[in-house]
Structures are given as C-alpha cells and as structure tokens.
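The values are calculated or read from the model by the stated rules, or taken from the named source; none is laboratory data. Quick caveat, the model's predicted, so the values are computed rather than measured. When we count neighbours, we look across all protein chains shown, and the Cβ atoms used for this are built from the backbone with ideal geometry, even at glycine.
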Amino acid sequence: MEYKIDDTTRKNIVQTLEKYRIDIIAIQELRCAEEGKINKSNYTIFWSRGKKQSNNGTGFIVTQNQMKNIIKFEAINDRISKLRIRGQISNTTIICVYAPTEVDTNEKKKIFMKNL
C-alpha cells in the first residue's frame, strides 16, 4: 500500500523540513488503508492504517539524520500513532493525533477518547 501524500504536498513538507531544519514532523489526513513505511533519499515516512481507506490517517516524516534514533513507530489506529525516539538522557514518545471534529457522531468521539 502506498501512502497518499500527493507530490506537491510532499515537496512542500520536505522544503519546510529543510528550510527550518526540522527533523521530525507529525502529519494527518493520509487516507491510507494500511500501516506502512517508505524510505526516500533524505527522509522516511511512517503512516497509520485504518480498517478501510478513510479520510483519517496519521504519521510522521523523519529525516535520515534522525532515523538512527528511532526506536519504534506504532500505529494505534487510523487516528492515533506514536513514535519512540532514543534520547541522550531518556527516551521520548511523540504522539500524533487526528481528533474527530464537531460534525462527527458522539459515538465516534467516545471511541476516540477511549483509545486516546
């Protein structure tokens, strides 16, 4: 399964990473049906999956400089993923969350809060 970031968006994200020297960025609305990882020359993209393709999906883009510090990527569901990073003193977990909006049903919101 391929990730669903179109080329223009991906290029804009990568330019922002390089311009501001950002090593890790969280991303949402990836619209994928499965969990995955793809390596590019200067960065790696991790993404979460849903049971079926949806408008959700979370993940991270990590520069190759920081890949040596990545311990684990975990996709909880299509709205929550986390990235475990090795630090000098202690390890850190970054959580990427794509919360339901006001137009979503209360049931979806309850399920989301339970998973969070």
| Of E29, E34, which residue is over 11 Å from the mean Cα position of the chain (by Cα) and modelled with pLDDT under 85? | E34
| said: For segment 89-116, which positions are surrounded by 11 or more Cβ atoms within 10 Å (Cβ to Cβ), part of a helix (DSSP H, G or I) and of a type in the set (A, V, I, L, M, F, W, C)? | reply: I111, F112
